[in-house]
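S.K.: Handing you this structure, nothing more for now.
The values are calculated or read from the model by the stated rules, or taken from the named source; none is laboratory data. Bear in mind the structure is a predicted one, so any value in this text is a computation, not a measurement. Backbone-built Cβ (ideal geometry, glycine too); neighbour counts: all protein chains shown. The accessibility values were calculated without ligands, DNA or RNA, using every heavy atom of the protein model including side chains. Shrake-Rupley method; radii C 1.70, N 1.55, O 1.52, S 1.80 Å.
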Amino acid sequence: MSTCGKGKIDVTKTVDVLGIPFINTDMDGLVQMLDGRLSRGEKTFVVTANPEIVMHALKDPDYFSVLKRADVVTPDGIGIVIGAKLLGTPIKERLTGYDLIWRLFQLSAEKGYKVYFLGAAPDVIEEAARRAVEAVPGLRLVGYHHGYFDVDDRRVIEEIKEREPDILLVGLGFPKQEKWIARFGPELKKGLMIGVGGSFDVLAGKVKRAPLIWRKLYLEWLYRLIQQPSRWRRMLALPRFLVTIFKIRFRAK
């Protein structure tokens, strides 16, 4: 049983990558499934995981436990898709958290789901909220709060409980955002809770997303590295991830 939801996704619809069960569907299937859980009032904890998150989980038992207790883990990173294929258990497609956010915005506008933003700097989250409401007429954004707060500060979760969002987007960066959801998510009566990393920075226009051609060529990681050279240490997680995958693959032969 998961930490937040009524139950995990059917294991026949997941693919195991280094001990993490990734959902194996396309974006339409994922959105349809999440919409169904929202309509039934089921709490759902979603982790959008890339190789960096997986490698961190392998050295942080507490974080690994949090990922295992999530209701849904999506393959947000082409490295996960490649790794699954190398292990002989292919995943249908990469499911990016940023693309999922926009699909959820549309659901909010169409079905009245209430949305709350948590994370980023004060000016960034305010601009992200403004742009989201402007871009999606009918989006029910019921509140937002910056990410510069003490993790033990209960005022944040109390405000969220008061607003009763159906969709809670948490952009505190990993592993903090997933650990925060695992800790406070059980206090909420309902809702889809997702760690969205730096998506608010992109939404606010502070960080530019890779052009479509870069994304189609699976080079979004390189585009981000060019924009933010300081990320180079974080990018080392991808080769370490693939080395781990190859070790498992050849050990099985």
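S.K.: Out of the residues in the range 159-181 that are surrounded by fewer than 18 Cβ atoms within 10 Å (Cβ to Cβ) and under 13 Å from TYR116 (Cβ atoms), which is farthest from the chain's Cα centre (by Cα)?
M.R.: Checking each candidate, the answer is GLU162.
S.K.: Collect the residues in the range 26-85 that are open to solvent by 10 Å² or more (accessible area, probe 1.4 Å) and of a type in the set (Phe, Trp, Tyr), keeping them in residue-number order.
M.R.: Passing the criteria: only PHE64.
S.K.: Could you list, in sequence order, the residues of the range 87-136 that are out of contact with any strand residue (DSSP E or B) (no Cβ under 6 Å at 6 or more places or on another chain) and more than 22 Å from MET27 (Cα to Cα)?
M.R.: LEU87, ALA121, PRO122, ASP123, VAL124, GLU126, GLU127, ALA128, ARG130, ARG131, GLU134
S.K.: Take the range 60-79 and flag every residue that is among the hydrophobic types (A, V, I, L, M, F, W, C) and either at pLDDT 95 or above or assigned to a loop (DSSP other than H, G, I, E, B) (or both).
M.R.: Scanning the range 60-79 gives PHE64, VAL66, LEU67, ALA70, VAL72, VAL73.
S.K.: Same structure, new question: Can you find, within the range 33-57, the residue that is nearest to VAL243 (Cα to Cα) among those that are assigned to a helix (DSSP H, G or I) and over 18 Å from the mean Cα position of the chain (by Cα)?
M.R.: GLY36
S.K.: Check VAL170 against each of (1) closer than 18 Å to VAL73 by Cβ; (2) outside any strand (DSSP E or B) and name the one condition it does not meet.
M.R.: (2)
S.K.: Please list, ordered by first then second residue, the pairs with beta carbon atoms under 7 Å, 6 or more apart or interchain, first in the range 82-98 and farther than 28 Å from GLY173 by Cβ and in contact (Cβ under 8 Å) with a residue 12 or more places away in the chain, second open to solvent by less than 40 Å² (accessible area, probe 1.4 Å) and not β-branched (Val, Ile, Thr).
M.R.: Correct list of pairs: PRO90/ALA84.
S.K.: Is it true that ILE23 is among the aliphatic types (A, V, I, L, M), under 29 Å from LEU242 (Cβ atoms) and modelled with pLDDT of 95 or more? Give the steps one after another, and end with the answer.
M.R.: Numbers: among the aliphatic types (A, V, I, L, M): yes; under 29 Å from LEU242 (Cβ atoms): yes; modelled with pLDDT of 95 or more: yes.
Here the answer is yes, as ILE23 does meet what is asked.
S.K.: Here is a further query. How many residues are basic (Lys, Arg) and either closer than 14 Å to VAL202 by Cβ or in a helix (DSSP H, G or I) (or both) when one looks only at the range 95-147?
M.R.: Taking the range 95-147 first, the residues basic (Lys, Arg) are 103, 111, 114, 130-131, 140.
With the extra rule that they be either closer than 14 Å to VAL202 by Cβ or in a helix (DSSP H, G or I) (or both), the set shrinks to 103, 111, 130-131.
Of the residues in that region, 4 qualify.
S.K.: Tell me which of these PRO239 doesn't satisfy, since it passes every other one: (1) in contact with a Lys or Arg (Cβ under 9 Å, 6 or more places away or on another chain); (2) within 20 Å of GLY83 (Cβ to Cβ); (3) modelled with pLDDT of 70 or more.
M.R.: The one condition PRO239 does not meet is (1).
S.K.: Which of the residues that make up the range 116-174 are out of contact with any helix residue (DSSP H, G or I) (no Cβ under 9 Å at 6 or more places or on another chain) and among the β-branched types (Val, Ile, Thr)?
M.R.: VAL133
S.K.: Taking the stated definitions as given, is VAL196 buried (at least 18 other Cβ atoms within 10 Å of the Cβ) and of a type in the set (Val, Ile, Thr)?
M.R.: Working: buried (at least 18 other Cβ atoms within 10 Å of the Cβ): yes; of a type in the set (Val, Ile, Thr): yes.
In short, yes.
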